[in-house]
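The values are calculated or read from the model by the stated rules, or taken from the named source; none is laboratory data. Remember, it's a predicted structure, so these values are computed and weren't measured experimentally. For neighbour counting, all protein chains shown are included, and Cβ atoms are generated from backbone atoms with ideal geometry for every residue, glycine included. These accessible areas exclude ligands, DNA and RNA; they are computed on the full protein's heavy atoms, side chains included. Shrake-Rupley method; radii C 1.70, N 1.55, O 1.52, S 1.80 Å.
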Amino acid sequence: MGKEKVAIIGSGNWGSAIAKIAGTNASQQTDIFDASRIPMWVFEEEVNGKKLTEIINETHINEKYLPGITLPENIHATSDLDEVVKDATAFIFVLPHQFLGKAIESLKGKITPGSKGVTLIKGVDVSGDDIRIFAGTIEKELGISCSALSGANIADEGKSIRSISREVETKYFAAGKFSGMRIHGLTGLNEVAEIAPFFVKKRLSDTERRKMERCGGSCSIVEDVAGVSLCGALKKFALTGLKVHFYEDIVAVAAGFVDGLEWGDNAKAAIMRNGLLEMKHFCLEFFENVKAETFLQESAGVADLITSCIGGRNRKVAEAFVKTGKTFEDLEKELLNGQKLQGVATAKDINTFLKSKNRVEGYPLFEAVYQCAFEGRDVKTITKNL
Ligand SMILES: NC(=O)c1ccc[n+]([C@@H]2O[C@H](COP(=O)([O-])OP(=O)(O)OC[C@H]3O[C@@H](n4cnc5c(N)ncnc54)[C@H](O)[C@@H]3O)[C@@H](O)[C@H]2O)c1
Ligand SMILES: O=P(O)(O)OC[C@H](O)CO
């Protein structure tokens with residue numbers, strides 16, 4: 001069998017952070033990967049009068065979405081999806097979820113049979129009363145096996161690592177570093193094990209492993225794909241609680257509301273607890289094969305909820321929503337420099353789904369986030385019915 005050729009679909013904040021990990025790890029495992037050139041699909045735009053693809057290929061820095069971080073030289077930015085897909089056998093999907101559908105349409109019929117994928121996309125794919133995780137959408141639409149990766153990781157936080165240790169920064173920036181991540185195989189552990197080397201540094205020396213563990217880092221493979229994917233999607237829902245759609249962090253939106261209201265840490269902890277319970281109940285009610293322990297034990301569960309509620313974009317924008325009275329749409333443009341807010345959109349998707357099932361009242365925090373974001377409900381009432 002030939003070597004795996006990696007392709008990265010997406011190049012935002014997280015997409016660029018993952019490109020750094022994937023480019024580095026692939027080049028250290030050349031018995032598995034053809035790492036000479038890893039294409040990264042970029043939605044083309046001009047930054048200071050120059051194409052973003054040209055900036056990335058000349059400076060090896062994504063100046064717009066992950067400034068200050070140097071990508072490996074084998075990462076090649078291109079806006080041509082056909083170039084990305086050509087010869088690739090291992091796909092990393094890391095787009096904001098609202099753009100995945102169009103990318104899938106462009107990829108259909110072009111992917112090498114037997115290829116595999118891993119998705120880092122948060123959110124859920126809702127159509128009427130049908131709901132699926134994006135790993136499932138990719139498998140169905142593209143006919144490839146797809147795993148899911150999620151965990152308590154925020155891309156920008158990697159910047160602070162450099163001041164602690166250059167070596168740790170180089171090896172564990174973003175995904176590995178001080179945090180945890182989990183890779184979940186939808187179609188079975190074998191496929192996961194095959195794709196996992198992008199992220200799991202199988203060949204860590206004992207010294208490297210000890211260093212990473214001292215920093216609290218971990219990366220492991222578990223089987224509960226749906227549980228992990230859904231944790232990512234629903235937490236934004238619960239944490240922030242704005243007028244946003246729920247992306248990965250509906251809960252992060254709710255947490256941001258609490259910060260905006262200056263209700264304090266006790267209230268925020270209570271909202272996070274309620275959010276976690278709703279996430280868990282939702283997943284157990286509507287998805288098969290979700291394990292209850294995923295929510296507490298895995299990085300994608302409570303740990304990711306905590307990091308999103310403390311340091312995420314959804315939290316930040318939700319706080320500003322309360323303090324300024326501006327719309328989420330305006331605040332996204334004003335505060336995120338092109339990055340996308342997903343918690344509000346997810347809140348809307350989930351609300352549509354719950355209405356179709358006549359189950360809205362079973363999820364009062366999700367409902368509150370949706371109504372505050374889209375129906376003008378007073379944010380101060382978010383604790384009603386909790
Ligand atoms: N940023 C993080 O720390 C983080 C952590 C974990 C998971 N995630 C998830 O990773 C996924 C990708 O997020 P991100 O942070 O890399 O993105 P981002 O929000 O930083 O960037 C937005 C991206 O969307 C692209 N884009 C804009 N308009 C587009 C269009 N019309 N079509 C296609 N692409 C377009 C932009 O070029 C940019 O690459 C999301 O599901 C997110 O929830 C992010
Ligand atoms: O910045 P947020 O709110 O999109 O959350 C960041 C990541 O999703 C954490 O996993």
>> Under the 0.36 nm per residue contour assumption, what length would be gained going from the current alpha-carbon distance of residue 63 and residue 102 to full extension?
In response: 11.6 nm
>> Skipping prolines and chain starts, which residues have an amide H placed within reach, meaning under 5 Å, of the one on residue 291, given they are 5 or more residues away or on another chain?
In response: 227
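Can you give the translational diffusion coefficient of region 1-41 in µm²/s, computed by Stokes-Einstein from the Kirkwood radius over Cα pairs at 25 °C and 0.890 mPa s?
Working: Rh = 10.3 Å.
Rounded, D is 238 µm²/s.
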>> Relative to 2.2 N^0.38 Å, what does the C-alpha radius of gyration of region 25-110 come to as a ratio? Two decimals please.
In response: 1.14
> Using modelled amide H (1.01 Å from N, peptide plane; none on Pro or chain starts), what sits under 5 Å from the amide H of residue 249, excluding residues fewer than 5 places away?
Replying inline: 236, 237, 343
> What dipole magnitude, in Debye to the nearest 20, does region 1-143 give about its Cα centre under +1 on Lys/Arg Cβ and -1 on Asp/Glu Cβ?
Replying inline: 220 debye
> Ranked by accessible surface with a 1.4 Å probe, highest first, in what order do 50, 384 come?
Replying inline: 384, 50
>> For a quick check of understanding: with a 1.4 angstrom probe and all protein chains in place, what accessible area in square angstrom does residue 329 have, to the nearest ten?
In response: 120 Å²
>> I need the Debye-formula profile for region 281-386: one equal scatterer per C-alpha, no solvent, reported as log10 I(q)/I(0) at q = 0.12, 0.14, 0.17 1/Å, two decimals.
In response: -0.48, -0.65, -0.95
>> With +1 on the Cβ of every Lys and Arg and -1 on the Cβ of every Asp and Glu, and nothing else charged, how large is the dipole of region 19-99 about its Cα centre, in debye rounded to the nearest 20?
In response: 240 debye
